[in-house]
Amino acid sequence: MADTVRAWRSPSLARAIGEIEAELDLAWARLLGEWEVARGSPEETALGWLVVDAPAEHDWRVVDAALDRLTCPQCRSTLTRGPATCQRCAYHHEVRFAAREVDRPNVPPGNEHAIRVSFAVARSRTRYSARARVGYELVLPSLVAGDLPTTAQAQAGKALINKLTPEECDQVATFAEVEERARTRPRAAAREGPTR
């Protein structure tokens, strides 16, 4: 697997992604210990396939950690991160959402789901539109900090994002930049495919 190192849109997003990736590594290490499986062994790969083939039996961090350690047999990328045309990656990207998610203590209900979806979108860029990516990526650091936007806040943010072109969506690093660019537009900018 030869994935490239990604430059994130902001330092706060890079920190949030790094924190979640460290949590994934810890969850995976715990699972290896429970199963008495050595890191880097063929048994680790087999365990990864067991996990991704039954995601509802595991916490989402364990499932995402397993996905990170597997190579797609169809496109040879890290599983779920191949091109949008890879059927195997698309399948495992969708079924990953069957994994368990339990909110952390002292966060609003739904925070864990929001983190999980935002993290998946940020790391699976080829599967989502520029408008979807910018929204999820900009909110992820505050989600990791324990916040959760209200429905009204999320809708207001989406309305502003929808005024930007896809290119502008890929350029902004903060919601303040989204607001600044959107303020000059009376209606939605040129459309692209649906925002997933």
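Here Ala29 meets the list (1) assigned to a helix (DSSP H, G or I); (2) under 24 Å from Arg125 (Cα atoms); (3) free of Cβ contacts under 8 Å to residues at least 24 places away in the same chain almost entirely, failing just condition (2).
Scanning region 81-132 for residues that are open to solvent by 10 Å² or more (accessible area, probe 1.4 Å), under 25 Å from Cys169 (Cα atoms) and touching a Leu at 6+ places or on another chain (Cβ under 6 Å) yields one hit, Ala114.
Condition check ((1) more than 13 Å from Ser10 (Cβ to Cβ); (2) free of Cβ contacts under 8 Å to residues at least 60 places away in the same chain; (3) of a type outside the set (Lys, Arg)) across all residues:
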position	(1), (2), (3)
Ala120	yes, yes, yes
Ser124	yes, yes, yes
Arg131	yes, no, no
Pro141	no, no, yes
Lys158	yes, yes, no
Asn162	yes, yes, yes
Ala176	no, yes, yes
Arg183	yes, yes, no
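Select from region 53-80 the residues that are of a type in the set (D, E, K, R) and open to solvent by 60 Å² or more (accessible area, probe 1.4 Å) and list them in ascending order. Correct list: Asp53, Glu57, Arg69, Arg76. Could you say whether any residue in region 138-145 is β-branched (Val, Ile, Thr), touching an Asp or Glu at 6+ places or on another chain (Cβ under 7 Å), surrounded by 14 or more Cβ atoms within 10 Å (Cβ to Cβ) and modelled with pLDDT of 95 or more? Yes, because at least one residue in region 138-145 is β-branched (Val, Ile, Thr), touching an Asp or Glu at 6+ places or on another chain (Cβ under 7 Å), surrounded by 14 or more Cβ atoms within 10 Å (Cβ to Cβ) and modelled with pLDDT of 95 or more.
Quick check: is even one residue across region 34-43 open to solvent by 60 Å² or more (accessible area, probe 1.4 Å), within 19 Å of the chain's Cα centre (by Cα) and without any contact (Cβ under 8 Å) to a residue 60 or more places away in the chain? Checked region 34-43: no residue is open to solvent by 60 Å² or more (accessible area, probe 1.4 Å), within 19 Å of the chain's Cα centre (by Cα) and without any contact (Cβ under 8 Å) to a residue 60 or more places away in the chain. Could we say that Arg76 is assigned to a helix (DSSP H, G or I), of a type in the set (Lys, Arg) and modelled with pLDDT of 95 or more here? Here the answer is no, as Arg76 does not meet what is asked. Restricting the first member to region 88-106 and to residues that are modelled with pLDDT under 95, and the second to residues that are open to solvent by 60 Å² or more (accessible area, probe 1.4 Å) and assigned to a loop (DSSP other than H, G, I, E, B), the beta-carbon pairs closer than 6 Å and six or more apart or on different chains are Asp103/Pro109.
Candidates in region 38-64 are the residues that are in a helix (DSSP H, G or I) and charged (D, E, K, R); of these, the one that is farthest from Ile20 (Cα to Cα) is Glu43. For region 169-196, the candidate set comprises residues that are surrounded by 17 or more Cβ atoms within 10 Å (Cβ to Cβ) and in a loop (DSSP other than H, G, I, E, B); within that set, the residue that is modelled with the highest pLDDT is Val172.
Going by what's in this entry, would Ala16 be described as at pLDDT 95 or above and either in a strand (DSSP E or B) or crowded, with 18+ Cβ neighbours inside 10 Å (or both)? Yes, satisfied. For Leu50, the test of being under 28 Å from Val139 (Cα atoms) and either touching a helix residue (DSSP H, G or I) at 6+ places or on another chain (Cβ under 6 Å) or open to solvent by 90 Å² or more (accessible area, probe 1.4 Å) (or both) is failed.
The values are calculated or read from the model by the stated rules, or taken from the named source; none is laboratory data. Here the structure is a predicted model, which means the values were calculated and not measured. Heads up, the Cβs are rebuilt from the backbone with ideal geometry, glycines too, and the neighbour counts pull from every protein chain shown. Surface areas here come from the heavy atoms of the whole protein model, side chains and all, with no ligands, DNA or RNA. Shrake-Rupley method; radii C 1.70, N 1.55, O 1.52, S 1.80 Å.
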